[in-house]
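The values are calculated or read from the model by the stated rules, or taken from the named source; none is laboratory data. Bear in mind the structure is a predicted one, so any value in this text is a computation, not a measurement. Heads up, the Cβs are rebuilt from the backbone with ideal geometry, glycines too, and the neighbour counts pull from every protein chain shown.
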Amino acid sequence: MGRPPHSRLLMDKIGLLACLINVALIEGHRPNDNSGRPWSEAEFAKSVLNDVSRTKDVKGWSNRNGAANPPNRPANIIPLLRAFYGISRVEDILGFDGLRADEMREMYRAWRVAGGAFDDDVPPLPHTIEARSFSKVANIVDLMVSQPTATNDGGRRMNITLRIHPDTECSPISGHAIDIGVAGAGTRSAGPEAEALHVGPLLSVKADDWQPKVDTIFVNVQHPNVGSTGRSGAVRILGPTDKLGRIDGHPLRDAPEFEMEPINENAAGAIKFQVSIANPWRSEHGIETGFVLTRRDGGPISPVKQAVVDALFNAAFPRDDYGRLLIAEKTLKAGGVK
């Protein structure tokens, strides 16, 4: 069962539930009704609480006004599921195959988790994002590293192949077919203070016994698709980008072969490569988002849908030591005398 959830984590989970409720209200989810007519607060209060005057109560369930006015978790989710999807009993949830069945079960699961249930307490959903690998939901990064070979001076040489590309076949989000791409980092300045504000991917290398040699992209070599950062062993990926600002191609093409040198006499530990992104979905205080979302039907990506994706991804995938979202990772055994 694990530990009781931290209060801040619990509020993040209530925020996800509020996002899902907000989407259902705006998109007009109703049983056997695909018109998309949005709910009014009075109509929704009448439907779920049988009281048209209780608009403040129902508004609190989908509140997105931030920490100063956080959302509330409904004590009973069944009236909401009945209004949105026609579900009247908990026993009917798993077997339901009507209109928007996946979204209904996603809302039920989010309600349970927001109440303190753990993921393993809740039946898995077909498209639920689990805490495993970003590639399970979006295929946007191909990171390949050859097995290290020893050099004459005791170092390790390897080839890094990195391809970043939009995923135009990812699973629908909130009922819409959406393409996901990684935004290029551009040419913004680097430094420790700016690090947390940067979007775009970082390629980093970590090893206890090794460090990049001077003549590599991590130290001295200039490359049109690589920018410096405020931390050692990491470079920012700038491009190449398509017309939507998404990275699409091989950022390290024509880069020199990569080498690591030992930092102690008995170097033998593993070498880990990571591709990560900061502030992956948010656009607060003028910070651009790290991913580019587009709908395949050409329609707009509403802030509500971006908030839903934000909540799902931030709760699901592992982070690096700096809190950045990991989108690819490779660990290799370097070998040695240890």
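Summary table below
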{"read-out": "Pair list, Cβ under 9 Å, 6 or more apart: the stretch 289-300 residue over 12 Å from ILE178 (Cβ atoms), other residue among the hydroxyl-bearing types (Ser, Thr, Tyr)", "value": "THR289/SER283"}
{"read-out": "Residue match in the stretch 230-247 (condition: under 15 Å from MET144 (Cα atoms), modelled with pLDDT under 90 and not charged (D, E, K, R))", "value": "no"}
{"read-out": "Filtered residue count, the stretch 246-273, keeping only those that are over 25 Å from GLY181 (Cβ atoms), hydrophobic (A, V, I, L, M, F, W, C) and part of a loop (DSSP other than H, G, I, E, B)", "value": "4"}
{"read-out": "Hits in the stretch 200-235 (condition: crowded, with 19+ Cβ neighbours inside 10 Å, out of contact with any Lys or Arg (no Cβ under 7 Å at 6 or more places or on another chain) and farther than 29 Å from ASP153 by Cα)", "value": "PRO201, ASN225"}
{"read-out": "In the stretch 268-289, the residues that are out of contact with any helix residue (DSSP H, G or I) (no Cβ under 7 Å at 6 or more places or on another chain) and either modelled with pLDDT under 80 or not assigned by TED's automatic domain parsing to the domain that holds LEU202 (or both)", "value": "ALA268, ALA278, ASN279, SER283, GLU284, HIS285, GLY286, ILE287, GLU288, THR289"}
{"read-out": "Flag for THR241 being assigned by TED's automatic domain parsing to the domain that holds ARG324, free of Cβ contacts under 8 Å to residues at least 40 places away in the same chain and surrounded by 15 or more Cβ atoms within 10 Å (Cβ to Cβ)", "value": "no"}
{"read-out": "Filter pass, ASP254 being out of contact with any helix residue (DSSP H, G or I) (no Cβ under 7 Å at 6 or more places or on another chain), within 25 Å of ASP167 (Cβ to Cβ) and among the charged types (D, E, K, R)", "value": "no"}
{"read-out": "Residue in the stretch 178-190 that is more than 16 Å from the chain's Cα centre (by Cα) and either modelled with pLDDT of 85 or more or among the acidic types (Asp, Glu) (or both) present", "value": "no"}
{"read-out": "Single unsatisfied condition, GLU261 versus (1) at pLDDT 85 or above; (2) surrounded by fewer than 14 Cβ atoms within 10 Å (Cβ to Cβ); (3) acidic (Asp, Glu)", "value": "(2)"}
